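The structure under discussion appears below in the form of C-alpha cells.
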Amino acid sequence: MHQRYHDAMELVQKYGKPDLFITMTCNPNWEEIQREIKPGQQAHDKPDLTRKVFHSKFEELKVDLFTKGVLGKVAAHVHVIEFQKRGLPHAHILIILQERDKLRSPDDYDRVVRAEIPDEKVEPELYASVLKHMIHTPCALYADSVCKKDGKCKKRFPKKFVAETLEGQDSYPVYRRHDDGRAITLANGKVVNNSWVVPYNPWLLKKYNCHINVEVCSSVQSVKYLYKYVWKGVDRVSMEVSSEKEEEDEIKQFVDARWVCLQEALWRIYKYQMNKIYPPVLSLQVHLKDRKKILLPEGNTVRDVIRRENASYTQMTEYFKKNQEYEFARTLFYKEFPEQYVWDKPLKQWQRRRRNNKVIGRANVFLPATKVII
C-alpha cells in the first residue's frame, strides 16, 4: 500500500493535481441481475452473478472514461476496488485530465457535474435515476445513521443552497443548488430537496443506472483517500467458538480473524484487478556502493546469487554505464530513464524503448543494506 501511494503521487508530480474523483457502486437492481434471480432470492444470494455484472459494467465505464474520454481526454488515472461488508463492490477512480481538457472555472464544473434534482417533465429518466441513486438518504432516514458524528453528518448534508457554483475552500467546489421548490418525500415522510443531492454526471448516471458520484477535485488529499482510507486494513470480527461453558478467558476468547465477503473472495479467485495505475510507474532502486538490494529466490543460497556474473548489476549501476557510453542517456535524469529505456530483468540491462509505451520512473530509496562477504 505504501509503495502504491508513492506511485500515485509520482503521477501527480508528473501530470499535475487530480481533476475528477468518481465512485461507482454496484446496483443490485440492475436488469442483468434481476432477470437471473429466482423467485424468493435477492442479489446477495447470487454473489457470482453480481460480481460478473459489476465487473462488466466497470470495464465498460473505463472504456468510456479512459478511451472515449466522455469527460475529457485522460492523461493519467488510478482506481481501486473496495468491498462493503454487505457484499456489494464499488470502485474509486481518480482522473488527471490532459492540459487542454482540465476544469479551470465554475463554468467548466457545471459542464461536468450537477447537484440538483432535474425537472421531471424535461428529463424524466434522469429524474428517476437521481431520486433512486443520488439522494443522501442515510441521514434523512435514520437518526442514528453511521455517517453521523456528534449529531451532524460527516458528509455535511444537507448542503447550503447556492445560486452559482463557487470555488471551495477545501479540495472540492461548492456546487450550484437552487432553492427552486423541487422536493421529494421519502419512505419515513421526510421531505428532501436539492440540498440532499449527491453530485453526479447526467450522462454517466443515465447510462449506468447506479450510484455513481462524480466530484471535481484539485487536491492531492484525494490520492491519500484512495490508499490511506480505502485500504486502511482488512475487516475483522470478534468471535468465540466453544462447546461448553467455561470460565471467562480473554486469551481464549480472542481470535485474530480476517473478514472476507463472498464478493471479494470471488473477485480474487477470478484474478480481477484490485487496483491499477496508468501510466505504470517503475520503481528505481537507489543505493550506495555495494549496498544494493538483492532478492533471494526460493531454493537459492546467498552464495549462489552473489556468484552470478551479473549479480552486481542494478538499474542504477547500468544507468551510469549508459551515461558513459551514450550522449543521449546523459540528457536524462535517473527517474526519466524508463520513459526512453526498458529494463531487461534477465539480462539486467537497459534497452532503448522501441514502442511508444508510457512509463514513468520513481526513485525508490531503500535503507542501507548490510554488505555481505562470502
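The values are calculated or read from the model by the stated rules, or taken from the named source; none is laboratory data. Remember, it's a predicted structure, so these values are computed and weren't measured experimentally. Cβ coordinates were reconstructed from backbone atoms using ideal geometry, including for glycine residues, and neighbour counts include every protein chain displayed. For the accessible areas, the whole protein counts, side chains as well, though only heavy atoms, and no ligand, DNA or RNA atoms are used. Shrake-Rupley method; radii C 1.70, N 1.55, O 1.52, S 1.80 Å.
Here is how the numbers come out for the structure above:
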{"read-out": "Test set (1) within 21 Å of the chain's Cα centre (by Cα); (2) closer than 20 Å to Asp180 by Cα; (3) open to solvent by 30 Å² or more (accessible area, probe 1.4 Å) - Lys68 fails condition number", "value": "(2)"}
{"read-out": "Qualifying residue in the stretch 102-112 (condition: of a type in the set (S, T, N, Q) and assigned to a helix (DSSP H, G or I))", "value": "no"}
{"read-out": "Single residue of the stretch 146-171 satisfying the filter (within 17 Å of Cys217 (Cα to Cα) and not in a strand (DSSP E or B)) that is modelled with the lowest pLDDT", "value": "Asp170"}
{"read-out": "Boolean, Asn364 is surrounded by 11 or more Cβ atoms within 10 Å (Cβ to Cβ) and out of contact with any strand residue (DSSP E or B) (no Cβ under 7 Å at 6 or more places or on another chain)", "value": "no"}
{"read-out": "In the stretch 71-99, the residues that are open to solvent by 40 Å² or more (accessible area, probe 1.4 Å), over 23 Å from Lys14 (Cα atoms) and touching a helix residue (DSSP H, G or I) at 6+ places or on another chain (Cβ under 8 Å)", "value": "Arg86"}
{"read-out": "In the stretch 11-27, the residues that are touching a residue at least 24 places away in the same chain (Cβ under 8 Å) and open to solvent by 40 Å² or more (accessible area, probe 1.4 Å)", "value": "Lys14, Tyr15, Lys17"}
{"read-out": "Members of the stretch 191-220 that are more than 14 Å from Leu131 (Cβ to Cβ) and of a type in the set (Lys, Arg)", "value": "Lys207"}
{"read-out": "Cross-chain or 6+ apart pairs with Cβ under 7 Å, the stretch 181-207 first and under 14 Å from Met24 (Cβ atoms), then assigned to a loop (DSSP other than H, G, I, E, B) and among the aromatic types (Phe, Trp, Tyr)", "value": "Pro199/Tyr175"}
{"read-out": "Residue count for the stretch 283-310, restricted to those that are over 29 Å from His6 (Cα atoms) and hydrophobic (A, V, I, L, M, F, W, C)", "value": "3"}
{"read-out": "Every pair of residues 6+ apart whose Cβ atoms lie under 7 Å, when the first sits in the stretch 51-65 and is open to solvent by less than 40 Å² (accessible area, probe 1.4 Å) while the second is in a helix (DSSP H, G or I) and aromatic (Phe, Trp, Tyr)", "value": "Arg51/Trp267; Lys57/Tyr208; Leu61/Tyr208"}
{"read-out": "Of the criteria (1) open to solvent by less than 40 Å² (accessible area, probe 1.4 Å); (2) touching a strand residue (DSSP E or B) at 6+ places or on another chain (Cβ under 7 Å); (3) at pLDDT 95 or above, which one Ala8 fails", "value": "(3)"}
{"read-out": "Odd one out for Leu71, checked against (1) outside any helix (DSSP H, G or I); (2) without any contact (Cβ under 8 Å) to a residue 60 or more places away in the chain; (3) touching a strand residue (DSSP E or B) at 6+ places or on another chain (Cβ under 8 Å)", "value": "(2)"}
{"read-out": "Which numbered condition Val162 fails, given (1) open to solvent by less than 60 Å² (accessible area, probe 1.4 Å); (2) under 12 Å from Ile135 (Cα atoms); (3) β-branched (Val, Ile, Thr); (4) out of contact with any Pro (no Cβ under 8 Å at 6 or more places or on another chain)", "value": "(2)"}
{"read-out": "Filtered residues of the stretch 297-326 (kept if more than 14 Å from Gln285 (Cβ to Cβ) and in a helix (DSSP H, G or I))", "value": "Val302, Arg303, Asp304, Val305, Ile306, Lys321, Lys322, Asn323, Gln324, Glu325"}
{"read-out": "Failed item in (1) more than 28 Å from Val281 (Cβ to Cβ); (2) buried (at least 21 other Cβ atoms within 10 Å of the Cβ); (3) among the hydrophobic types (A, V, I, L, M, F, W, C), with Ile37 passing the rest", "value": "(2)"}
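The rows are residues; the columns are (1) surrounded by 13 or more Cβ atoms within 10 Å (Cβ to Cβ); (2) touching a His at 6+ places or on another chain (Cβ under 6 Å); (3) farther than 24 Å from Arg352 by Cβ; (4) touching a residue at least 60 places away in the same chain (Cβ under 8 Å).
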{"site": "Leu295", "(1), (2), (3), (4)": "no, no, yes, no"}
{"site": "Val302", "(1), (2), (3), (4)": "no, no, yes, yes"}
{"site": "Asn310", "(1), (2), (3), (4)": "no, no, no, no"}
{"site": "Tyr313", "(1), (2), (3), (4)": "yes, no, no, no"}
{"site": "Glu318", "(1), (2), (3), (4)": "yes, no, no, no"}
{"site": "Gln324", "(1), (2), (3), (4)": "no, no, no, no"}
{"site": "Glu327", "(1), (2), (3), (4)": "no, no, no, no"}
{"site": "Tyr334", "(1), (2), (3), (4)": "yes, no, no, no"}
{"site": "Glu339", "(1), (2), (3), (4)": "yes, no, no, no"}
